[in-house]
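Bear in mind that the values in this text are calculations on the coordinates, not laboratory data. What you see is a predicted model; the values in this text were computed from it and never measured. Counting neighbours? That spans all protein chains shown, and the Cβs are built from the backbone with ideal geometry, glycine included.
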Amino acid sequence: MDDGSAYTTLEPSSDNRETRDIIRYETATGARSVLIAAASLRPSGASAPLVIDDYAWSKDGRKLLIFTNTKQVWRQNTRGDYWVFDIAAKKLAQIGKNAGASTLMFAKFSPDGTRAGYVRENNLYVEDLATGRITQLTRDGSKRIINGTFDWVYEEELDLRDGWRWSPDGRSIAYWQLDTDGVPDYYLINNTDSLYPKIITIQYPVAGQTNSAGRVGVVSAAGGITRWLPVPGEPRNNYLARMNWAGNSDEIILLQLNRRQNVLNVSLGSARTGEVQNYSQ
């Protein structure tokens, strides 16, 4: 927990060992208590509680974000369904419930805990938790344009999966966008998932072939146009290896690697003007 007074973990429920309670341990004394019983996490009309793959707390500790019904993307299960549990009200509600099953990625509470943002089918969304109102922030997401997450290469080379960040004040969102147009297709044969083999197509640049073009932009969490940060260097021959807010809601720090990964540039971008200043090499 953010104040350091306790931590939480998942443990088998004493009522049903097939389900798991969320247990709170006091860091000073080790005292144990059941914070949220598994039975409280059963959706209306369901016969069993949610199977928790991962969870996260709002900053004030009053809400719990649950990741469940997960599916694999590349190497890890990063796609699934998300539910919010209000501890005081003992109310469980699904976010993005009008979307298809297991289509949401990287949901996160806003800093004030009133909204949740997430990636859905390569577009970014923000949902008001009180009203359920959903604001779509990007609309160009497709098989070729990836917003808020990554292609095969960025995950393989840089261990990147979650491609968006709330600003500290919750008013803006910074995110990666990858344009995979021109990246060659690589064909694999899947001999294990069915009686007959299937061809799987992956956009994969063999060494020396065309890479995705990556860029970072900032968009209002209320919707609007994206302000792109023009980092120097040809985007298909450089990686934007890391990005985050620079301790405030006005500036974004960017780490850029060349394709050989032997030169690192550090830049600071203005979320307000889009200007980028390079600091080191």
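Take Trp74, project a point 7 Å from its Cα along the Cβ direction, then tell me which residues of the range 152-178 have their backbone nitrogen under 18 Å from it. Residues 152-165, 175-178 qualify, since their backbone N sits under 18 Å from the label point. Label zone (Asn244, point 7 Å along Cα-to-C-beta; backbone nitrogen cut-off 20 Å) within the range 136-153: 148-150. Look at the alpha carbon pairs under 8 Å that are at least 6 residues apart: their mean separation over the length of the range 136-232 gives a relative contact order of 27 percent.
In this calculation the C-beta distance from Asp112 to Leu188 is compared with R0 = 41 Å, giving a FRET efficiency of 0.40. Match the structure shown to one of the listed values [x] 7, 28, 32, 21, 10, 3, 0; [y] 6, 25, 30, 23, 13, 2; [z] 6, 25, 36, 24, 8, 1, 0 of P(r) over Cα pairs in 10 Å bins from 0, in percent, computed from it, and give that label. Of the labelled values, this structure produces [y]. Each part gets one Cα centre, and for the range 49-76 versus the range 141-196 those centres are 20 Å apart. Our estimate of slack between Ser220 and Glu234, defined as 0.36 nm per intervening residue step minus the Cα-Cα distance, is 2.4 nm. Peptides 230-236, 62-68 ranked from most to least packed by the mean count of surrounding Cβ atoms within 10 Å: 62-68, 230-236. Taken along the Cα-to-beta-carbon direction at a fixed 7 Å, the label points for Glu156 and Ala207 span 1.2 nm. Note on the range 201-268: Cα-only Rg and Dmax are 14.0, 41 Å.
Once both labels are positioned 7 Å from their Cα atoms along Cα-to-Cβ, the gap between Asn278 and Met1 label points is 4.8 nm.
In the frame of its principal axes, the range 83-179 has Cα extents of 43, 30, 23 Å, reported largest first. Among the listed pairs Lys59/Lys90; Lys108/Lys143; Lys63/Lys97; Lys97/Lys198; Lys59/Lys108, those whose Cα-Cα separation exceeds 20 Å are Lys108/Lys143; Lys97/Lys198.
Contact order for the chain, expressed relative to its length and based on alpha carbon pairs under 8 Å spaced 6+ residues apart, stands at 8 percent.
Taking every DSSP helix (H) stretch of at least 4 residues in the chain, weighting each as -39,500 (n - 2.57) and dividing the sum by the residue count yields a mean residue ellipticity at 222 nm of -500 deg cm²/dmol. Applying the Karplus relation 6.51 cos²θ - 1.76 cosθ + 1.60 with θ = phi - 60° to the range 211-226 yields 3J(HN,Hα) values of 8, 5, 9, x, 8, 10, x, 10, 10, 5, 5, 8, x, x, 7, 8 Hz, where x marks Gly and Pro. Size of the range 126-170: Rg and Dmax of its alpha carbons, in Å, are 13.6, 40. In the elastic network of the chain, a GNM with C-alpha springs shorter than 10 Å, the most mobile of Asn238, Asn262, Asn77 is Asn262.
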